[in-house]
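Q: The structure is given below, and queries will be raised subsequently.
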Amino acid sequence: MSDKIRILLAKAGLDGHDRGIKVIAAAFRDAGFEVIYTGLRQTPEMIVDAALQEDVDAVGVSILSGAHMTLFPAIRKLMEERNCADMILFGGGIMSEDEITELGRKGVSKLYGPGTSTIEIVEYIKGAVAKKRAGEKLV
Amino acid sequence: MAEIRNQAEISEQAEALKKAYAEWKTAADATTNKNKKYVTVSSEQVDPLYTPADTKSIDFLRDIGFPGEYPYTRGVHPSMYRGKPWTMRQFSGMGTPEQTNERYHFLLSQGQHGLSVAFDLPTLMGYDSDHERSLGEVGKCGVAVDTLLDMEKIFKGIDLGKISTSMTINAPASVLLAMYIVVAEKQGVPAEKLRGTLQNDILKEYIAQKEWIYPPEPSVKLIVDTIEFGTKKMPLWNTISISGYHIREAGATAVQELAFTLADGFTYIEKSIERGLDVDEFAPRLSFFFNAHMDFFEEIAKYRAARRIYAKRMRYKYDAKSERSWMLRFHTQTAGCSLNAQQPELNLIRTAYEAMSAVLGGTQSLHTNSMDETLALPSDKAALLALRTQQVLAEETGVINTIDPLAGSYYVEAMTNRMEAECEAYFAEIDRRGGVMRCIEEGFLQREIAKAAYTYQREIDSKERIIVGVNGYVLENEQIDIPILKIDESVAELQRQSIKKAKSIRDQDKVTRTLNDLRQACRDNKNTMPFIIDCVRQYTTMGEICDAMKDVYGEYIEPPNL
Amino acid sequence: MSVFDDFVRRDKRALARIITHIENRRENYRQLLAAVSRLPHQGYRIGITGPPGSGKSTLVDALVLRYIQQGLRVGVIAIDPSSPFTGGALLGDRIRMQHLVNRDSVFIRSMASRGESGGLAAATRDVTKVLDAFGMDLIIIETVGIGQIELDIVEACDSVVVVLVPESGDMIQTMKAGLMEIADIFCVNKIDRPGADRLLSILNSMVHERQTASSVEIRAVGTNGMNGEGVDSLAEAIEKHRGVITTGGELERRRGSQLKAEIVHAVRDRVVRQLEETIDFDGQFEHVSRQLASGELDLYSAADMIYDRYFRK
């Protein structure tokens, strides 16, 4: 049976601009995903703690405050420490090409800037999750 | 003007109009592209043509009238921009207080009229720069202010008796106002001479921008404290700027922006009246802050409707006697959410159209966004171009020559009426749900906005709505060569040192005492302003002051709103 | 079975993965469930249900915070509806449980209803067992609404709290019987709002009427989840209910009938599944359907024919 895709969405950093993350949450829901939204001002600890318990396929983080270079690597590092490295980490925010490259090197699978179509994001996650699940075995 | 005609003549004319309209419609339908949807930015249907039939309910003197006269549909001043141009006020602030001070001296030398301070997120949320939550955020979206020391640096060499300053700050607004008062006092300028505006609008934070500290009830109490203090001690200061800007940025439609903002404003007015203030004492100092989005006519109709709705309510519902209480004065900022990272130079064009709608809508002051704002904080060059956009508008286009030039346009008047009717429908719904505060708690307003934002995004995803450079006219392999201003991490270290310095020069006993007095004032439900002024004078930090108030008021957690 | 070993060592990541496996009915889930069920478990199950917007998550946040401060280990299952159109779901209960973040002794899992009534109740029961076997002292199941699915879910709980708000007054008049059947405790949340006293007194009189019919006392308490007012009384009411049903033998009776109901549910699920898959075993189903369509047969005669053929095959 094909399982539901489960996604955790969180706003990290202090900014409250949640328009984008709420739009993408609705788009994921309409694509048949189960979306766990943890709200604003989430610290890396809070995000990874929730992702671990919810056993999600992917973690999406929106940061529009300018703190992305600090927060994304911190989240990825915690995911690795907590045995959640198999989860896909993706995100959105305002960042330069150089920064996206650097964060990619640090384990962030995909970053989206303003103006990305939700269709593109949904398709990416579907593909990435299918790839991840292909190699998965529990017992 | 009004001719006396008999009933037969009028119906004869109406019949003729109907017939002519039908003939035209047949001709137009034959060549209309029916695959395209004709809707506003707010996804509202627009008719192909407007005629006198759409404005026949309008009574000129009752509904439109003259500028400077009730119901102010055409503007709040009799002479509008012939008397005084709008105030060009560019919002800025970044990095350290010293860098911000430097930018202000530059902008003032380039013909800007007033200052507008942007604070960084930790400051907006009441955290000190050395708080763990401030990690990575210090100086990023504005200037960091931890103690009075920072405010002294920001306004160094600027005579606070001569300029007007707008401060974009909400949850901890009273703390920043207190600091401004003390900086001025040290310059020898008394509070009653200070001119400026405090954003100080917490309700739209719960609805849209989400930068809150305390729960709604005590937060609104703090705002009424500043309104009361301002009314008594600072006659030239606008203690609140009731803001629709952020509501729109969060994805609201034009009508939602209008309705929710006005509903917020009426809530503050009701709370201030409950406090025992006379509406005519404080209402003339209230001001509003709207967004200028891309749909030119819809925006102009929004500003005109705003003035008319407000005047009616102030006069008849709140029983204000002074004409100055009836006038809705507002600041406008062009829509940040309409700007795009792709082909960013296009943002200059967008901003110019938006600015023109604000001016044709009769704004009192204007901020034009910089083209690089979706990428980073504005560079010097982008900031200057944004200011120049307004100067070209004022000096070269002729828009200031005549007042409210779109009045009488069948389309604009019909749209103004529609805005008013839809806004009243929202007021009724909000009342039915128990008022703005209850709607916030239940997430109703937030959900309405989220729905609108999703509709808009789906229109873009499906290409029903084309955004140039984003889902149409895309440049392949676009290289962005706009210089980007970056704030480096050393700002946080400098701020930490600044806090250390403040803590080393202050009298710790006085800090403790003034903080205890503040807590007690919160418990006793006294006006907190004098106590906060006492705290900042002792170089108490922002975080210490907000924490003291949190001890009494608690902290807010958002409703899920999904 | 390394994940299972990790589970036994109380590793939360292993717990989370086993829940996913069982929730999705993946291969071998039954063996896994059987292994989990053999582990010692003695958790107590509290169901919390009520209409949307009644503040259940905020109450759960406040309650669980109390419990962990007493040194207890708590598992929370928060259930929200799936969209009937897309099958997707937005699960936002965690937003209201900010006091429970980063706590060693708490595990929160959001579940979507996935639109299958019997299936959800079964999956919830299974996940409850997994949390129990993980060593949770309390398992709290929060679910929205008061419909049949929610009844099935909370049926599997030891104490059931029905959360209402002052505005629920009208609703309870029409749902009186159903509510009285499931509620062990009524909680009127948002007690600061007008109408709270009235609702509390209606509930108290309802509760009073029922008292004669049952040995277990039902209580109604008022709370304000936002500032924690009344949460102590709610916890006390739950504790009292637990005490009464534990000492009076009611808990064992309940669990006994719950187990029987579970077996019936499980058999029914299998029968229904099998029926759906093989109802046309001899090709008569299509034939009878056509006869029904043409009017040669009425519905109940058609059903009789299929039933007789199927169960005598």
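Q: Just to check your reading of the model, which residue among A:MET69, A:MET95 is touching a Gly at 6+ places or on another chain (Cβ under 8 Å) and assigned to a loop (DSSP other than H, G, I, E, B)?
A: Working: A:MET69 fails: assigned to a loop (DSSP other than H, G, I, E, B).
Exactly one residue qualifies, and that residue is A:MET95.
Q: Output the number of the condition that B:LYS186 fails; it satisfies all remaining conditions of (1) farther than 17 Å from B:CYS535 by Cβ; (2) out of contact with any His (no Cβ under 9 Å at 6 or more places or on another chain); (3) surrounded by fewer than 22 Cβ atoms within 10 Å (Cβ to Cβ); (4) not aromatic (Phe, Trp, Tyr).
A: Unmet condition: (1).
Q: Turning to a different aspect of this structure: Select from region B:1-38 the residues that are farther than 24 Å from B:GLY408 by Cβ, free of Cβ contacts under 8 Å to residues at least 40 places away in the same chain and not in a helix (DSSP H, G or I) and list them in ascending order.
A: Correct list: B:ASN6, B:THR32, B:ASN33, B:LYS34, B:ASN35, B:LYS36.
Q: Which of the residues spanning region B:356-384 are under 14 Å from B:THR334 (Cα atoms) and part of a helix (DSSP H, G or I)?
A: If the condition is that a residue be under 14 Å from B:THR334 (Cα atoms) and part of a helix (DSSP H, G or I), then B:MET356, B:SER357, B:ALA358, B:VAL359, B:LEU360, B:ALA383 are the ones that fit.
Q: Being at pLDDT 95 or above, crowded, with 23+ Cβ neighbours inside 10 Å, touching a strand residue (DSSP E or B) at 6+ places or on another chain (Cβ under 9 Å) and within 25 Å of B:SER287 (Cα to Cα) is the requirement here; does B:ALA352 meet it?
A: Values: at pLDDT 95 or above: yes; crowded, with 23+ Cβ neighbours inside 10 Å: no; touching a strand residue (DSSP E or B) at 6+ places or on another chain (Cβ under 9 Å): yes; within 25 Å of B:SER287 (Cα to Cα): yes.
Considered against the rule, which asks whether it is at pLDDT 95 or above, crowded, with 23+ Cβ neighbours inside 10 Å, touching a strand residue (DSSP E or B) at 6+ places or on another chain (Cβ under 9 Å) and within 25 Å of B:SER287 (Cα to Cα), B:ALA352 comes out as no.
Q: So which residues in region B:247-269 are among the polar types (S, T, N, Q) and touching a strand residue (DSSP E or B) at 6+ places or on another chain (Cβ under 8 Å)? Steps first, please.
A: So in region B:247-269, the residues among the polar types (S, T, N, Q) come out as B:253, B:256, B:261, B:267.
Residue satisfying the conditions is B:THR261 alone.
Q: Being more than 8 Å from chain A (Cβ to nearest Cβ) and on the phi > 0 side of the Ramachandran plot is the filter here, so list the residues in region C:1-31 that pass it.
A: Correct list: C:ARG10 only.
Q: Residues being outside any loop (DSSP other than H, G, I, E, B), at the interface with another protein chain (Cβ under 7 Å from one of its Cβ atoms) and either within 21 Å of B:ILE460 (Cβ to Cβ) or among the acidic types (Asp, Glu) (or both): count how many of those fall in region A:5-46.
A: Quick first cut of region A:5-46, residues outside any loop (DSSP other than H, G, I, E, B) only: A:6-12, A:19-30, A:34-37, A:42, A:44-46.
Then drop every residue that is not at the interface with another protein chain (Cβ under 7 Å from one of its Cβ atoms), which leaves A:19, A:22-23, A:25-26, A:28-30, A:34-37, A:45-46.
Adding the requirement that they be either within 21 Å of B:ILE460 (Cβ to Cβ) or among the acidic types (Asp, Glu) (or both) leaves A:19, A:22-23, A:25-26, A:28-30, A:34-35, A:45.
Going through region A:5-46 one residue at a time, the tally reaches 11.
Q: Of the conditions (1) hydroxyl-bearing (Ser, Thr, Tyr); (2) away from chain B (no Cβ under 14 Å); (3) not in a strand (DSSP E or B), C:THR49 fails just one. Which one is it?
A: Just one mismatch for C:THR49, condition (3).
Q: Moving to a separate point now. Working carefully through the options B:GLN497, B:GLN457, find the one that is surrounded by fewer than 13 Cβ atoms within 10 Å (Cβ to Cβ) and not charged (D, E, K, R). Even if it seems obvious, please write down each step before you answer.
A: Working: B:GLN457 fails: surrounded by fewer than 13 Cβ atoms within 10 Å (Cβ to Cβ).
Sole residue among the options that is surrounded by fewer than 13 Cβ atoms within 10 Å (Cβ to Cβ) and not charged (D, E, K, R): B:GLN497.
Q: Another question, then. Are there any pairs, at least 6 apart or on different chains, whose C-beta atoms fall under 8 Å, with the first in region C:3-15 and under 16 Å from A:MET79 (Cβ atoms) and the second among the β-branched types (Val, Ile, Thr) and not in a helix (DSSP H, G or I), and if so, which?
A: Once the first residue is under 16 Å from A:MET79 (Cβ atoms) and sits in region C:3-15, no partner that is among the β-branched types (Val, Ile, Thr) and not in a helix (DSSP H, G or I) comes close enough.
Q: Go through region B:52-79 and count every residue that is of a type in the set (A, V, I, L, M) and free of Cβ contacts under 8 Å to residues at least 24 places away in the same chain. Spell out how you get there, then give the answer.
A: From region B:52-79, those of a type in the set (A, V, I, L, M) are B:53, B:58, B:61, B:64, B:76; that's our starting set.
Going one step further and asking which of them are free of Cβ contacts under 8 Å to residues at least 24 places away in the same chain, we end up with B:61.
The qualifying residues number 1.
Q: Cβ contacts < 7 Å: first residue touching a residue at least 12 places away in the same chain (Cβ under 8 Å), restricted to region C:266-277; second residue part of a helix (DSSP H, G or I) and surrounded by 11 or more Cβ atoms within 10 Å (Cβ to Cβ), any location; separation 6+ or different chain. Result?
A: From region C:266-277, the pairs are C:ASP269/C:GLY118; C:ASP269/C:ALA122.
Q: Residue check: is C:LEU59 touching a residue at least 12 places away in the same chain (Cβ under 8 Å), crowded, with 17+ Cβ neighbours inside 10 Å and within 14 Å of chain B (Cβ to nearest Cβ)? Step through it out loud before you land on a result.
A: Numbers: touching a residue at least 12 places away in the same chain (Cβ under 8 Å): yes; crowded, with 17+ Cβ neighbours inside 10 Å: yes; within 14 Å of chain B (Cβ to nearest Cβ): yes.
Answer is yes for this residue.
Q: Here is a follow-up. Part of a helix (DSSP H, G or I) and at pLDDT below 95: is that true of A:ARG133 in this structure?
A: On the way: part of a helix (DSSP H, G or I): yes; at pLDDT below 95: yes.
It is true that A:ARG133 is part of a helix (DSSP H, G or I) and at pLDDT below 95.
Q: Hey, another quick one. Answer yes or no as to whether C:ASP170 is assigned by TED's automatic domain parsing to the domain that holds C:TYR67, outside any helix (DSSP H, G or I) and surrounded by fewer than 16 Cβ atoms within 10 Å (Cβ to Cβ). It would help to see each step written out before you state the result.
A: On the way: assigned by TED's automatic domain parsing to the domain that holds C:TYR67: yes; outside any helix (DSSP H, G or I): no; surrounded by fewer than 16 Cβ atoms within 10 Å (Cβ to Cβ): yes.
In short, no.
Q: Just to be sure I understand, how many residues within region C:65-78 are among the hydrophobic types (A, V, I, L, M, F, W, C), under 29 Å from A:LYS4 (Cα atoms) and away from chain B (no Cβ under 14 Å)?
A: Of region C:65-78, the ones among the hydrophobic types (A, V, I, L, M, F, W, C) are C:65, C:68, C:72, C:74, C:76-78.
Still in the list and also under 29 Å from A:LYS4 (Cα atoms): C:74, C:76-78.
Now drop any that are not away from chain B (no Cβ under 14 Å), which leaves C:74, C:76-77.
So the count comes out to 3.
Q: From C:ASP308, C:ASP298, C:ASP304, grab the single residue that is over 30 Å from C:ASP192 (Cα atoms) and modelled with pLDDT under 90.
A: Details: C:ASP298 fails: modelled with pLDDT under 90; C:ASP304 fails: modelled with pLDDT under 90.
It is C:ASP308.
Q: Same structure, new question: Filter region B:417-445 down to the residues that are touching a Cys at 6+ places or on another chain (Cβ under 9 Å) and in contact (Cβ under 8 Å) with a residue 60 or more places away in the chain, then identify the one that is surrounded by the most Cβ atoms within 10 Å (Cβ to Cβ).
A: Within region B:417-445, the subset touching a Cys at 6+ places or on another chain (Cβ under 9 Å) is B:429-430, B:433, B:445.
Of the ones still in play, those that are also in contact (Cβ under 8 Å) with a residue 60 or more places away in the chain are B:430, B:445.
On the way: B:ILE430: 20, B:LEU445: 28.
Among them, the one singled out is B:LEU445.
Q: Can you name every residue in region B:385-417 that is part of a helix (DSSP H, G or I), touching an Asp or Glu at 6+ places or on another chain (Cβ under 8 Å) and among the aliphatic types (A, V, I, L, M)?
A: B:ALA414, B:MET415 - these are the residues of region B:385-417 that are part of a helix (DSSP H, G or I), touching an Asp or Glu at 6+ places or on another chain (Cβ under 8 Å) and among the aliphatic types (A, V, I, L, M).
Q: Next up: Which one of B:ASP47, B:ASP54 is assigned to a loop (DSSP other than H, G, I, E, B) and closer than 26 Å to B:PHE296 by Cα?
A: After applying the criteria, what remains is B:ASP47.
Q: Related question: For the structure I just gave you, tell me whether B:ALA414 is more than 14 Å from chain A (Cβ to nearest Cβ), buried (at least 23 other Cβ atoms within 10 Å of the Cβ) and either within 19 Å of B:LEU115 (Cα to Cα) or among the hydrophobic types (A, V, I, L, M, F, W, C) (or both). Walk me through it before giving the result.
A: Numbers: more than 14 Å from chain A (Cβ to nearest Cβ): yes; buried (at least 23 other Cβ atoms within 10 Å of the Cβ): no; either within 19 Å of B:LEU115 (Cα to Cα) or among the hydrophobic types (A, V, I, L, M, F, W, C) (or both): yes.
Here the answer is no, as B:ALA414 does not meet what is asked.
Q: Check every one of the helices (runs of 4 or more DSSP H) wholly within region B:155-257 and list those with 2 or more residues that are among the acidic types (Asp, Glu).
A: Working: elements: B:173-187, B:216-233, B:245-249.
The helices (runs of 4 or more DSSP H) meeting that bar are B:216-233.
Q: At least 3 residues that are of a type in the set (Gly, Ala, Ser) and within 23 Å of the chain's Cα centre (by Cα) in each: list the helices (runs of 4 or more DSSP H) lying fully within region C:189-293 that qualify. Spell out the reasoning first.
A: Details: elements: C:196-211, C:231-247, C:250-278.
Hits in region C:189-293: C:231-247, C:250-278.
The values are calculated or read from the model by the stated rules, or taken from the named source; none is laboratory data. Because the structure is predicted, anything quoted here is derived from the model rather than measured. So basically every Cβ, Gly included, is an ideal-geometry build from the backbone, and we count neighbours across all protein chains shown.
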